[in-house]
Amino acid sequence: MTKPTTYVPYYDDIVEAMAAGGCAFCALQLVAAEKYIDSLLWESVNDPRIRREVSAARGFCRNHAWLLVRHGSALSSAIIYQDVVRTAARVTAETPAEGGRRSLGQRLRALFRRQTPPNDALLAALRPQQPCPVCTNAELVDRYLSETVLASLAKSNAIIEKYRASAGLCLHHFGTLLAHTHTPGTRQAIIDAQLAVWSALDAELAEFIRKNDHRFRREGFGAERDSWERTMALTSGPPPPSKSSRGGVTQTS
Ligand SMILES: [Zn+2]
Ligand SMILES: [Zn+2]
């Protein structure tokens, strides 16, 4: 089985991503997803087991599916998604829709309560039966990223200094890193670094809000002008990647 290649980040990659702004783990996860999809499109698309995995996931998740749109990817994407749509059609044709047997009153009550009908086999069968393969790979990459930071931290505090000077990790990846940290001292050092980042961000937001007051508008905005967007990325995560401009080994476009 030709499994798509998993990206293993180096220490230097993490340091570079920390210096570039935004959550370093999010940035490297995008690199990892791009590499994974490249490998899947060009090396693994003819492996029926990979296509079965994508079909079982009912396609890639919304965050990752659109990374398939890149130069030269049309044929491979069509082959993968033909399997997905055929699976959806087969499941729908073969599974009885039990919800249809309920009375009108029951269906209306479920609708008003925004409930999906219980034990509806078709709805259950249409849901992803396993996670998106890129998401599964992302969990592995998160582990590598965390282990690389922790291995470096076991030797020196240099990475923590870089963490403090960076835009910090997003909420999701701060949690990821803490989940892999089992030494109380290390855990506290990471927490302190993230608290310092949030404190600086809070001050920038306060400044941005202050300058929106008509009495101070003439001061003009400085670096805090996009602090609200940076805060959104650091809490909710970065905006979903648009159509990829990278990758794209030539095939039929
Ligand atoms: Zn992140
Ligand atoms: Zn995904």
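Per-structure values
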item	result
Residue within the range 129-145 that is within 15 Å of residue 18 (Cβ to Cβ) and either within 16 Å of ligand 1 (Cβ to nearest atom) or part of a helix (DSSP H, G or I) (or both) present	yes
Residue within the range 67-84 that is closer than 28 Å to residue 201 by Cβ, away from ligand 2 (no atom under 16 Å from the Cβ) and touching a helix residue (DSSP H, G or I) at 6+ places or on another chain (Cβ under 6 Å) present	no
Whichever residue in the range 39-58 is charged (D, E, K, R) and within 15 Å of ligand 2 (Cβ to nearest atom) and, among such residues, is nearest to residue 236 (Cα to Cα)	58
Pairs, first within 17 Å of residue 239 (Cβ to Cβ) in the range 59-72, second assigned to a helix (DSSP H, G or I) and away from ligand 2 (no atom under 11 Å from the Cβ), C-beta under 7 Å, six or more apart	67/34
Single condition residue 171 does not satisfy, out of (1) under 30 Å from residue 85 (Cβ atoms); (2) within 19 Å of the chain's Cα centre (by Cα)	(1)
Every pair of residues 6+ apart whose Cβ atoms lie under 6 Å, when the first sits in the range 161-182 and is more than 18 Å from residue 228 (Cα to Cα) while the second is within 10 Å of ligand 1 (Cβ to nearest atom) and not hydrophobic (A, V, I, L, M, F, W, C)	176/142
Residue 169 vs. criteria away from ligand 2 (no atom under 16 Å from the Cβ), among the hydrophobic types (A, V, I, L, M, F, W, C), surrounded by 13 or more Cβ atoms within 10 Å (Cβ to Cβ) and part of a helix (DSSP H, G or I)	no
Residue in the range 37-59 that is farther than 30 Å from residue 5 by Cα and modelled with pLDDT of 85 or more present	no
Residue within the range 4-18 that is under 30 Å from residue 90 (Cα atoms) and either out of contact with any strand residue (DSSP E or B) (no Cβ under 6 Å at 6 or more places or on another chain) or modelled with pLDDT of 90 or more (or both) present	yes
Helices (runs of 4 or more DSSP H) (entirely within the range 1-98) containing at least 3 residues that are touching a Lys or Arg at 6+ places or on another chain (Cβ under 7 Å) and more than 16 Å from ligand 1 (Cβ to nearest atom)	74-94
Qualifying positions in the range 27-68 - of a type in the set (D, E, K, R) and in contact with a Cys (Cβ under 7 Å, 6 or more places away or on another chain)	none
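Listed here are the residues, each with its yes/no results for (1) surrounded by 13 or more Cβ atoms within 10 Å (Cβ to Cβ); (2) within 30 Å of the chain's Cα centre (by Cα); (3) at pLDDT 70 or above.
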position	(1), (2), (3)
98	yes, no, no
105	no, no, yes
109	no, no, yes
113	no, no, no
140	yes, yes, yes
146	yes, yes, yes
151	no, yes, yes
159	yes, yes, yes
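Rundown of residues vs (1) more than 16 Å from ligand 2 (Cβ to nearest atom); (2) among the polar types (S, T, N, Q); (3) at pLDDT below 95; (4) part of a helix (DSSP H, G or I), yes/no style:
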| position | (1), (2), (3), (4) |
| --- | --- |
| 174 | yes, no, no, yes |
| 188 | yes, yes, no, yes |
| 194 | yes, yes, no, yes |
| 198 | yes, no, no, yes |
| 205 | yes, no, no, yes |
| 208 | yes, no, yes, yes |
| 214 | yes, no, yes, no |
| 218 | yes, no, yes, yes |
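The values are calculated or read from the model by the stated rules, or taken from the named source; none is laboratory data. Computed from a prediction, not measured in an experiment: that's the story for all the values here. Note that each Cβ is placed from the backbone with ideal geometry, even for glycine, and that neighbours are counted across all protein chains shown.
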